[in-house]
Amino acid sequence: MDEMNFERARYNMIEQQIRPWSVLDPSVLRTLGALPRERFVPPDYRRLAYSDTRIPLGHGHTMMPPVVEGRLLQALELTGDENVLEIGTGSGYVTACLAGMVHSVESVDIHEEFTASARERLRELDIDNVTLATGDAAAGWNGGHRFDAIALTGSVPAVPDAYRQALTPGGRLFAIIGDTSQPVMEAIQITRVGDEEWSVESLFETWIAPLENTSRPRRFEF
């Protein structure tokens, strides 16, 4: 597929997949329309870069379908000046989307292979407001530091307590919760509305692969 066809596929992704799934935030649509998703897709799957499907990345992980990525970005309600934490760098595509919408992004993945490839892709696109790290963030990350928005890009059986505590007042968290043995999971938005108070909104149903090592983290049950 040549560059012009990728541009057409990107346009069709937004008009035929993203908008119909109630992603209407102009900043999200601009970001998805400008970023070359094909640059983050493994070469063998590049022709599927804008398809409504989960693309294999290795280690049992996949890129989320574009509609889920769009809903994730919209759910964080980003205004441009946030410091964001992403758990699960994966291909680096959502990382790059976030970087184009906020002040800074810290992204962590358990696989050094993913961290290294994402670093190269971000460098090629001159994206320089991202800090990448490799580590196990199943139960929390960067203890004591707070973020304006947090995105968990793998599913969890329940949201670890450390992540709701890591939100700033008014901060938003996106997560997909559920049991991988079940056919559907629930995407939620958590907002910190007080020192020890959080609101939870159910967004939609989907299914994605879990974050690794999430079977026994300390969790907060809503």
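The values are calculated or read from the model by the stated rules, or taken from the named source; none is laboratory data. In this text, all values refer to a predicted model and were calculated from it rather than measured experimentally. Methodologically, a virtual Cβ is constructed for each residue, glycine included, from the backbone with ideal geometry; neighbour enumeration extends over all protein chains shown. Only protein heavy atoms, including side chains, enter the accessible area calculation; ligands, DNA and RNA are left aside. Shrake-Rupley method; radii C 1.70, N 1.55, O 1.52, S 1.80 Å.
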- Confirm whether residue 65 is at pLDDT 95 or above and open to solvent by 70 Å² or more (accessible area, probe 1.4 Å). no
Residue 208 of a type in the set (Val, Ile, Thr), buried (at least 18 other Cβ atoms within 10 Å of the Cβ) and assigned to a loop (DSSP other than H, G, I, E, B):
yes
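Could you tell me which of the residues 47, 39 is in a helix (DSSP H, G or I) and farther than 23 Å from residue 154 by Cβ? Spell out the reasoning first.
Working: 39 fails: farther than 23 Å from residue 154 by Cβ.
Matching residue, one of 47, 39: 47.
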Going through the stretch 165-176 in order, the residues found to be buried (at least 18 other Cβ atoms within 10 Å of the Cβ) and assigned to a strand (DSSP E or B) are 167, 171, 172, 173, 174, 175, 176
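If I filter the stretch 68-92 down to residues being on the phi < 0 side of the Ramachandran plot and open to solvent by 50 Å² or more (accessible area, probe 1.4 Å), which single residue comes out as nearest to the chain's Cα centre (by Cα)? Walk me through how you get there before you give the answer.
Let us first name the residues in the stretch 68-92 that are on the phi < 0 side of the Ramachandran plot, namely 68-76, 78-79, 81-87, 89, 91.
The next check asks that each one be open to solvent by 50 Å² or more (accessible area, probe 1.4 Å); those that pass are 79, 81, 83.
On the way: 79: 17, 81: 18, 83: 14 Å.
The extreme case among them is 83.
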Looking across the stretch 22-44 at residues that are within 18 Å of residue 62 (Cβ to Cβ) and open to solvent by 80 Å² or more (accessible area, probe 1.4 Å), the single one that is nearest to the chain's Cα centre (by Cα) is 39
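Against the condition within 16 Å of the chain's Cα centre (by Cα), part of a loop (DSSP other than H, G, I, E, B) and surrounded by fewer than 18 Cβ atoms within 10 Å (Cβ to Cβ), how does residue 53 come out, does it pass? Explain how you work it out, then say what you get.
Numbers: within 16 Å of the chain's Cα centre (by Cα): yes; part of a loop (DSSP other than H, G, I, E, B): yes; surrounded by fewer than 18 Cβ atoms within 10 Å (Cβ to Cβ): yes.
Answer is yes for this residue.
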Among (1) of a type outside the set (Asp, Glu); (2) over 19 Å from residue 11 (Cα atoms); (3) surrounded by fewer than 20 Cβ atoms within 10 Å (Cβ to Cβ); (4) in contact with a strand residue (DSSP E or B) (Cβ under 8 Å, 6 or more places away or on another chain), residue 95 falls short only on (3)
The lone condition residue 213 fails out of (1) in a strand (DSSP E or B); (2) open to solvent by 40 Å² or more (accessible area, probe 1.4 Å) is (1)
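Yes/no matrix, rows are residues, columns are (1) buried (at least 21 other Cβ atoms within 10 Å of the Cβ); (2) among the hydroxyl-bearing types (Ser, Thr, Tyr); (3) part of a loop (DSSP other than H, G, I, E, B); (4) modelled with pLDDT under 95:
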{"residue": "116", "(1), (2), (3), (4)": "no, no, no, no"}
{"residue": "119", "(1), (2), (3), (4)": "no, no, no, no"}
{"residue": "123", "(1), (2), (3), (4)": "no, no, no, no"}
{"residue": "144", "(1), (2), (3), (4)": "no, no, yes, yes"}
{"residue": "151", "(1), (2), (3), (4)": "yes, no, no, no"}
{"residue": "163", "(1), (2), (3), (4)": "yes, yes, no, no"}
Residue pairs qualifying under the 7 Å Cβ cut-off, at least six apart or on distinct chains, with the first in the stretch 9-37 being farther than 14 Å from residue 51 by Cβ and among the aromatic types (Phe, Trp, Tyr) and the second being open to solvent by 20 Å² or more (accessible area, probe 1.4 Å) and in a helix (DSSP H, G or I), are 21/71
Taking the stretch 183-197 and keeping only residues that are outside any loop (DSSP other than H, G, I, E, B) and either open to solvent by less than 10 Å² (accessible area, probe 1.4 Å) or more than 17 Å from residue 94 (Cβ to Cβ) (or both), one is left with 185, 186, 187, 188, 190, 191, 192, 193, 194, 197
Only one of (1) in a loop (DSSP other than H, G, I, E, B); (2) crowded, with 20+ Cβ neighbours inside 10 Å does not apply to residue 180, and that is (2)
